[in-house]
Amino acid sequence: MAIAAALCLCASCEKDAALQTEYHVKLPNLPETWRGVLGEASWHIEWVGEGGVINSAETAAGNETPVITIIQGWTTPVTAWPYWPEKNIRRGIIKPAGALFPLDTSGGTLKLSWNGGVDAVFFWELAAYDNEKRLPYNFNWPRFRELFTNANLPEDVLRDPWLANWKEIAAKTASSGFDRRRISGEKRSNYNINIPANGPWIGVSPFAAAADWRKGETAVVKLNGQTETYFCPAGILRCSSATSIWIDYESNQ
């Protein structure tokens, strides 16, 4: 609510100069491994509409994506969370796609991407601090994106940007300004887990490769102190440094 209020205040300051425009949301293709393991996704889409109000829409698997109205005049994020209700995989578990308006518009289309999901999440993390000197709509997003396209970041983050802790990076950016040297993969340790079903196995990041773990074997996973989630055609495996929990889709309904 605090974030929405801040955006609403910004919107009201420029309301007379702002124009209402509709854009058709174009979602990215699911990674082939995700589609093979989980099938087509439903989507929960969020964007900032008139007066800085956060709007949302649901798109069932295979349905048309919505046309949304965004106020022009400053950068705002659009976030799309994939989820699979038939498997009780709720939105927010798997990393989102996203876009930044107006950077990702072409004509009447707003094109979302998996890299744009990182941008959108980082935007909202910055907005949470409501620092007037470092508001996210004034952030240099084109320069931020160049860090990835010009390979000016650690190799592990270039391969998978979700290995970085964007909440922590946003906190430091809001406090003392942006420094690309803060963007690095979180420290992770190896843990052995027992595999309860045949793969392929996928994680929550669209950038991560699938693993062909087989039932009964022991696999090594890298954990950062938080719970990690993996999916196979039969169910969900949640792992922490202390334990692992297996949930098959039939019992997860």
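For segment 212-233, give me each residue that is among the small types (Gly, Ala, Ser) and either under 17 Å from Ile93 (Cβ atoms) or without any contact (Cβ under 8 Å) to a residue 24 or more places away in the chain (or both).
Residues satisfying the conditions are Gly216, Gly225.
Among the residues of segment 179-195 satisfying the criterion of being in contact (Cβ under 8 Å) with a residue 40 or more places away in the chain and open to solvent by 40 Å² or more (accessible area, probe 1.4 Å), which is nearest to Gly39 (Cα to Cα)?
Of everything passing the filter in segment 179-195, Asn194 is nearest to Gly39 (Cα to Cα).
Hey, any hits in segment 84-92 for a residue that's open to solvent by less than 10 Å² (accessible area, probe 1.4 Å) and either assigned to a loop (DSSP other than H, G, I, E, B) or under 16 Å from Val48 (Cα atoms) (or both)?
No, every residue in segment 84-92 fails to be open to solvent by less than 10 Å² (accessible area, probe 1.4 Å) and either assigned to a loop (DSSP other than H, G, I, E, B) or under 16 Å from Val48 (Cα atoms) (or both).
Exactly one of these conditions fails for Lys172: (1) open to solvent by 20 Å² or more (accessible area, probe 1.4 Å); (2) under 29 Å from Lys87 (Cβ atoms); (3) without any contact (Cβ under 8 Å) to a residue 24 or more places away in the chain. Give me its number.
All conditions pass for Lys172, except number (2).
Checking Leu7 against (1) at pLDDT 90 or above; (2) crowded, with 19+ Cβ neighbours inside 10 Å, only one condition comes out false. Which one?
Condition (1) is where Leu7 drops out.
Exactly one of these conditions fails for Glu22: (1) open to solvent by 70 Å² or more (accessible area, probe 1.4 Å); (2) assigned to a loop (DSSP other than H, G, I, E, B); (3) modelled with pLDDT of 50 or more. Give me its number.
Exception for Glu22: condition (2).
For the structure I just gave you, tell me whether Val204 is within 21 Å of Pro96 (Cα to Cα), under 21 Å from the mean Cα position of the chain (by Cα) and not in a loop (DSSP other than H, G, I, E, B).
Against the criterion (within 21 Å of Pro96 (Cα to Cα), under 21 Å from the mean Cα position of the chain (by Cα) and not in a loop (DSSP other than H, G, I, E, B)), Val204 does not qualify.
Can you say whether Arg143 is among the basic types (Lys, Arg), surrounded by fewer than 18 Cβ atoms within 10 Å (Cβ to Cβ) and in contact (Cβ under 8 Å) with a residue 24 or more places away in the chain, as far as the supplied structure shows?
Criteria not met by Arg143.
Please enumerate the residues belonging to segment 234-244 that are free of Cβ contacts under 8 Å to residues at least 12 places away in the same chain and over 24 Å from the mean Cα position of the chain (by Cα).
Correct list: Ala242, Thr243.
Looking at Gly199, Gly225 in this structure, which one is farther than 21 Å from Trp141 by Cβ, part of a loop (DSSP other than H, G, I, E, B) and under 22 Å from the mean Cα position of the chain (by Cα)?
Unique residue meeting the criteria: Gly225.
Among Gly73, Gly62, Gly98, Gly117, which is the only one that is outside any strand (DSSP E or B) and either of a type in the set (Asp, Glu) or surrounded by 23 or more Cβ atoms within 10 Å (Cβ to Cβ) (or both)?
Gly117
Restricting to segment 26-58, what's the tally of residues that are in a loop (DSSP other than H, G, I, E, B), of a type outside the set (A, V, I, L, M, F, W, C) and over 26 Å from Thr75 (Cα atoms)?
Total meeting the criteria: 3.
Just to be sure I understand, how many residues within segment 69-93 are of a type in the set (A, V, I, L, M, F, W, C), modelled with pLDDT under 95 and within 19 Å of Lys26 (Cβ to Cβ)?
Residues flagged as of a type in the set (A, V, I, L, M, F, W, C), modelled with pLDDT under 95 and within 19 Å of Lys26 (Cβ to Cβ) within segment 69-93 amount to 1.
Considering only residues that are of a type in the set (Lys, Arg) and either under 14 Å from Asp119 (Cβ atoms) or outside any helix (DSSP H, G or I) (or both), look in segment 139-174 and name the one that is farthest from the chain's Cα centre (by Cα).
Arg143
The values are calculated or read from the model by the stated rules, or taken from the named source; none is laboratory data. Since the model is a prediction, treat every value here as computed from it, not as a measurement. Here Cβ is always computed from backbone atoms with ideal geometry, including for glycine, and neighbour counts include all displayed protein chains. Remember, those area values only see protein heavy atoms, side chains included, never the ligands or the DNA or RNA. Shrake-Rupley method; radii C 1.70, N 1.55, O 1.52, S 1.80 Å.
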